[in-house]
Amino acid sequence: MTTSVTSATSVASVASVTSVLVANRGEIACRIFRTCGESGIRTVAVHSDADENALHARVADTAVRLPGAAPADTYLRGDLIVKAAVAAGADAVHPGYGFLSENAEFARAVLDAGLVWIGPPPAAIEAMASKTRAKELMGLAPLASDAVTEADLPVLVKAAAGGGGRGMRVVRRLEDLADALEAARAEAASAFGDGEVFVEPYVENGRHVEVQILADAHGTVWALGTRDCSLQRRHQKVIEEAPAPGLTPELDAELRTLAVRAARAVDYVGAGTVEFLVADGRAHFLEMNTRLQVEHPVTEAVFGLDLVAEQIRVAEGGALDAEPPRARGHAVEARLYAEDPAKDWTPQTGTLHRLTVPSSVRLDTGFEDGDPIGVHYDPMLAKVVAHAPTRAEAIRRLAGALEQATIHGPTTNRDLLVRSLRHEEFASARMDTGFYDRHLPELTAPAADPHVPLAAALADAARTGSRWGGWRNLPSRPQTKRYAVDGEEIEVGYAHGRTGPTAEGVQVVRADAHLVVLEVDGVRRRFEVARHGDEVYVNTTRLTALPRFPAPQTQHTPGSLLAPMPGTVVKLADGLITGSSVQAGEPLVWLEAMKMQHVISAPAAGTVTALQVTAGQQVELGTLLAVVESDRP
């Protein structure tokens, strides 16, 4: 089958799509497959070796291995993906988001192979996918990196291709600009296959507001309302909502008008998003993303649309109605990540033993129970979306669902999400992009529950078959168990009584391997308990069971730098060798995990007495990278 590029002024006849290859992985591939299945369209997945048993490869009708490339680069091989589509008999390709979704050459390759491209015309991608060219099109010009002065600070270094916070750095000191440019280029090249970056003024404490665009090849452009994506960490969106709250009618209309103007300027066809920074009642154009966004479900919920189905219909040559459907209610989405916000957002790996949420919310995920969370890709586990008649109701519904969710596996940002949603600043719609800079310590402070370790101990005792009853002449000695919770070791004690277990200060109403009920000051509390190896989950708290007699711990020399996560050493500081003198805070090792770079810096001024790794080396959590002996005695 053949097709030609469509535009707003010329329409090509396109046959009905019967089989779609998704040039992506994880959650977005599964989400597109869901719509295809509901529409009677066959599905084709592609996968790296690392993703051979991933959910998206399991649920597709057909799966094709992409050979030869390293796992992190596999989905950037457009030539292999096009060959896979032809070999599998697909007649259309959907790029999802990230990877090659905004790559005009890939779009052309799909079309040249006689396949339907479920995305905008390559010319529109070229005009807008590069943020530098997009700004020029909108009459804006980025700063020249070699012309930045103290007066320009702070500035933002940004990848010209892609998004998601990758290839992005805030620079507040002129001497940091060169390192920020280099790190951003490396990160952008790894994530998008394009290392081009640019510099623009950094507007602090603004709101990130965007407009969803949907356009057909017949000249109709819909502006499907606004979204607020201000809650971000490292420019990676965490919580999004639609519509954006608190905008004046005039500003809302201006944003939608500018978005439609941007789409018409490039004869746009398909789904896209125009992003703005709103500060002091003014809209500052950021970029146009020529793809589906991660946060598209909140727009779907408010407008009652399936944007993937609309993308397919438009790609087939279908026409949109003259006016979009009416917006109804409010929707809020939270991104659930395998990361530890309290430890500099460090990505987490391991097995996702269980993930369930209440049926009152929508769950989009690329994982099932028992799936591994690896180091090669983005750490997002799922998106959880709530829709309700009002913003307050949607927020309450989402926070409650996250709190009730069962998440057994690596550490996640679940508690941060719940606390963020319930924070007064967010509830009153006074948030901006600096929200986490101001509030992260309070949002990540451990919420200790003194009865959780006791519940874990009672459930463990029941699981191992300890006998509670039995008559004794002498009182039994207390039994003890040890757990690690939030980095602290806790020892908890209980005793065997005639009618069951007893513990100081509480009444044990029930204690079995999966449920413990305690009565505290006349109030009964339920603790649901699950165990996977040494990991014990009590309600929403994860504990690590420790041996009764701990083995001697490996003692590291003071000044030891340990890998905070599994990953790849991508770079060492120039000239760094054993014997090098370093300053406190000086970057020494660059570690990449899940498409993000993390800098390991010298803890103090001193001398490198050991350097244990080289560039390109894979390391595990806790691997010794280097030792810096402090100059201070």
Estimated D of the stretch 131-201 in µm² per second, where Rh is the Kirkwood radius over Cα pairs and Stokes-Einstein applies at 37 °C, 0.692 mPa s: 273 µm²/s
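Fewest first, what order do 41, 213 take by the number of other Cβ atoms within 10 Å?
Working: 41 21, 213 25.
Starting with the residue having the fewest Cβ neighbours, the order is 41, 213.
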Structure-derived mean projected area of the Cα convex hull in nm²: which label, when the choices are [x] 32.1; [y] 24.3; [z] 30.6: [x]
Residue 586 versus residue 182: modelled label distance in nm, points set 7 Å from Cα along the beta carbon direction: 1.3 nm
Whole-Hz ³J(HN,Hα) from phi, Karplus 6.51 cos²θ - 1.76 cosθ + 1.60, for the stretch 100-117, glycine and proline x: 9, 5, 10, 9, 5, 5, 5, 4, 5, 5, 4, 5, 5, 7, x, 9, 7, 9
Length-normalised contact order of the stretch 207-444 in % [C-alpha pairs under 8 Å, at least 6 apart]: 20 percent
Whole-Hz couplings from phi, Karplus 6.51/-1.76/1.60, listed for the stretch 168-175; x for Gly and Pro: 9, 9, 8, 10, 10, 10, 4, 5
Amide H contacts of residue 511 (H built 1.01 Å from N, under 5 Å, at least 5 apart or other chain): 517
Angle between the chain longest axis and helix 435-444 axis [Cα atoms, degrees, rounded to 10]: 20 degrees
Degrees between helix 26-38 axis and first principal axis of the chain (Cα, 0 to 90, nearest 10): 60 degrees
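Under 1.5 on a/c is rounded, so check that first for the stretch 207-444, then, if it is not, pick prolate when a/b is larger than b/c and oblate when it is not; a ≥ b ≥ c are the square roots of the alpha carbon gyration tensor eigenvalues.
Values: a/c = 1.83, a/b = 1.44, b/c = 1.27.
Note, shape of the stretch 207-444 comes out prolate.
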Sparse-neighbourhood loop sites, GluC sites (Glu not before Pro) in the stretch 315-418 - DSSP loop, at most 15 other Cβ within 10 angstrom: 368
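Using 0.36 nm per residue, how much length does the chain from residue 406 to residue 525 gain when fully extended, once their Cα-Cα distance is taken away?
41.1 nm
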Neighbour-count order for 204, 102, fewest beta carbons within 10 angstrom listed first: 204, 102
Rg(Cα) / (2.2 N^0.38 Å) computed for the stretch 19-117, rounded to two decimals: 0.94
Residue order, fewest to most beta carbons within 10 Å, for 600, 239, 28: 600, 239, 28
Amide H contacts under 5 Å for residue 601, placed H, 5+ residues apart: 588
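Are there any trypsin sites (Lys or Arg not before Pro) in the stretch 512-596 that are in a DSSP loop and have at most 11 other Cβ atoms within 10 Å? List them by number.
On the way: sites: 524, 525, 526, 531, 542, 548, 571, 595; in loops: 548, 595.
Filter output for the stretch 512-596: 548.
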The chain: relative contact order as a whole-number percent, Cα under 8 Å and 6+ apart: 10 percent
Convex hull projection area averaged over all views, the stretch 560-630, Cα basis, nm²: 3.9 nm²
Reachable lysines, given that their alpha-carbon falls under 21 Å from the alpha-carbon of residue 343 and they are not under 8 places away in the same chain: 237, 595
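Since every read-out is calculated from the coordinates, none of them should be taken as a lab result. None of these values were measured; they are calculated from a predicted model. Positions of Cβ are backbone-derived with ideal geometry, glycine not excepted, and every protein chain shown enters the neighbour counts.
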